[in-house]
Amino acid sequence: MIKRSRIKLFIVIAAGFVLSLSAFRSEDDLFEITKNIEIFTSVYKEVNTYYVEELRPGELMKTGLDAMLSSLDPYTNYFPESQIEDARFEQSGTYGGIGVSFRQIDQQTTIFEVYEGSPAQKAGLMPGDVLLEVNGRSVKGKNGEQIMRLVKGAPKTEVSLKILRDGEPLFFKIIREEIKLKNVSYSGVIEGMAYVRLEQFLPHAAADVKSALQKLREQQQFQGIILDLRGNPGGLLHEAVNLCNLFIERGKEVVATRGKVKEWNKSFKTLNPPMDREIPVAVLVDGRSASASEIVSGTLQDYDRGVVIGNRTFGKGLVQITRPLKYNGQLKVTTAKYYTPSGRCIQAIDYSRRDNADHSERIADSLQRAFRTTAGRTVYDGGGVMPDVEVADPTIHEIVQELVRSNLIFLYANRYRKDHPSIAPAEQFELSESEYRDFCRFVLERSPVLSPSLEQAFSELEKRLPESENSSHLARLIQDLKLEFKKEKEKELFRYASEIKPLLAEEIVSRYYFNTGRVAYRLRHDADVAEAIRILKDQSRYKYILSSAYQIPRKEKYAERKKLLENFLYELPPNTQEE
């Protein structure tokens with residue numbers, strides 16, 4: 001039960017908060033704020049005093065704050081002192097830990113990825129290992145966030161893990177280190193073009209891209225640059241500005257931010273001489289390219305400095321700042337919208353408007369406004385960045401989606417790694433026909449032949465068989481049908497082998513060469529990269545796309561985009577921040 005002194009303290013703090021807002025609010029607004037904080041305080045006090053069960057006041061308040069902030073947008077969040085490391089990780093991509101990610105597979109906490117060079121990799125942990133205990137505490141029943149809190153900790157401290165591998169328990173004592181996520185996960189020269197994949201906009205993102213390009217240029221000359229921002233959720237705003245500065249001259253506006261507090265409105269311009277103003281550039285984007293990724297792609301598009309290729313971006317045109325709070329808490333709050341040099345805001349969702357199901361509404365195409373690039377091409381606001389050249393996402397058939405959802409590709413790759421000590425380099429690895437047939441047998445042994453709905457229908461039918469005079473005959477018919485379904489599934493595995501084999505090979509490659517190898521292998525089957533190479537090699541087409549004669553598509557031809565292999569991709573919430 002909360003003591004009266006604590007309640008009084010809370011009211012005093014709340015009153016101070018109200019007074020701090022008075023400079024920004026009208027008298028009517030100030031009355032509404034004061035009234036509702038008093039109501040909130042009264043409810044908080046009464047519930048804690050009289051509710052039938054014992055409550056944890058801190059958790060109750062956190063729930064209330066989260067619910068309040070979630071009514072605004074997904075990016076405004078409160079971090080209490082206990083979660084302050086999460087807030088730091090969002091900004092820096094650095095944390096104390098062992099370098100693994102987990103996933104629930106078959107109701108077991110399974111190591112899904114081991115980061116290259118991490119303490120986990122050095123200790124011998126492998127994807128597919130099942131986590132049983134952390135420092136003697138069982139992880140059964142705990143969610144992912146709770147487990148990561150047990151595994152993470154200050155660098156140079158020890159964590160003990162109990163792992164299940166092939167039915168045998170193993171024990172590991174691992175010294176935590178500072179784990180830093182990479183901005184650039186891969187760089188190389190492909191058919192005379194420099195390729196750089198940027199995963200996020202953490203500190204030094206622009207410097208990392210510049211360094212990667214300089215190293216490639218020292219090794220061999222290239223005629224163009226492919227900057228891959230697909231799946232990049234964003235990050236620090238100033239890193240987006242610095243990245244644009246590699247390709248556009250000093251003194252050019254990259255982005256402007258405008259919000260309710262006029263004194264905070266800013267214009268961000270390039271400050272340094274560019275690395276290269278002339279070399280042709282292609283920027284790859286998709287529906288998961290967000291925020292800072294959209295600043296870069298939108299700015300280079302507005303200045304006609306590079307060709308944007310792929311699919312329409314996410315459409316996140318909001319900027320957050322982090323504000324310190326009392327008791328070592330932090331508030332990440334949306335303070336502004338950002339605008340690219342042409343004047344457009346690419347925000348796709350209006351969080352102030354919600355439908356009957358309380359879902360925020362997308363900005364209608366009819367409300368989008370036209371703007372002009374430097375060369376006079378027409379671009380639009382209100383729905384992400386439309387690429388200059390669209391590339392259709394491949395069709396993902398149901399059998400392929402099932403293999404990804406059921407983690408069968410992941411599980412087979414684990415088995416393959418145990419049976420094969422080494423493989424060819426990622427750029428050369430090929431899965432043989434006999435190996436693919438072995439995978440098909442693995443799938444048919446491990447995977448249900450029927451969909452859940454069909455399985456339930458057959459189960460209901462089998463329960464009623466004793467009621468039928470022809471029960472034995474019907475039982476044989478059911479078994480024959482199941483056999484036919486199994487044969488059809490086997491046919492589908494071979495019918496769509498051209499889709500499945502690259503995914504399987506990519507997952508296998510990652511067991512030996514980690515994420516670097518995964519990206520290197522994926523490039524061999526990448527339609528966006530192939531299109532970028534064709535455009536960069538054809539300078540007449542490149543210049544035409546960037547001229548006023550070219551019409552950038554306003555609407556997608558492929559509106560029903562599929563989330564390709566989302567189970568294999570690392571997800572962060574789209575996030576543009578000022579430091």
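The values are calculated or read from the model by the stated rules, or taken from the named source; none is laboratory data. The model shown is predicted, which means the values in this text are computed figures rather than measured ones. FYI the Cβ positions are ideal-geometry reconstructions off the backbone, even for glycines, and counts take in every protein chain you see.
Scan K62, K142, K122 and give me the residue that is buried (at least 16 other Cβ atoms within 10 Å of the Cβ), not assigned by TED's automatic domain parsing to the domain that holds E361 and not in a loop (DSSP other than H, G, I, E, B). When all the criteria are applied, what remains is K62. Checking segment 526-535 against the condition returns a match, with at least one residue being under 30 Å from L367 (Cβ atoms) and either among the hydrophobic types (A, V, I, L, M, F, W, C) or assigned to a helix (DSSP H, G or I) (or both). Of the residues screened, A370 is one that is within 28 Å of D228 (Cα to Cα), without any contact (Cβ under 8 Å) to a residue 24 or more places away in the chain, not assigned by TED's automatic domain parsing to the domain that holds K487 and not β-branched (V, I, T). Residues of segment 476-498 include none that is closer than 23 Å to S434 by Cα, within 24 Å of the chain's Cα centre (by Cα) and touching a residue at least 40 places away in the same chain (Cβ under 8 Å). The residues of segment 242-295 that are surrounded by fewer than 18 Cβ atoms within 10 Å (Cβ to Cβ), among the polar types (S, T, N, Q) and modelled with pLDDT of 95 or more, listed by number, are S267, N272. Please verify whether segment 262-269 includes one or more residues that are over 28 Å from the mean Cα position of the chain (by Cα) and of a type in the set (A, V, I, L, M, F, W, C). Yes. Only a single criterion out of (1) surrounded by fewer than 19 Cβ atoms within 10 Å (Cβ to Cβ); (2) over 30 Å from S70 (Cα atoms); (3) at pLDDT below 95 is not satisfied by V400, namely (1). Only one of the listed residues (R476, R495, R511) is in contact with a helix residue (DSSP H, G or I) (Cβ under 6 Å, 6 or more places away or on another chain) and among the basic types (K, R). That residue is R511.
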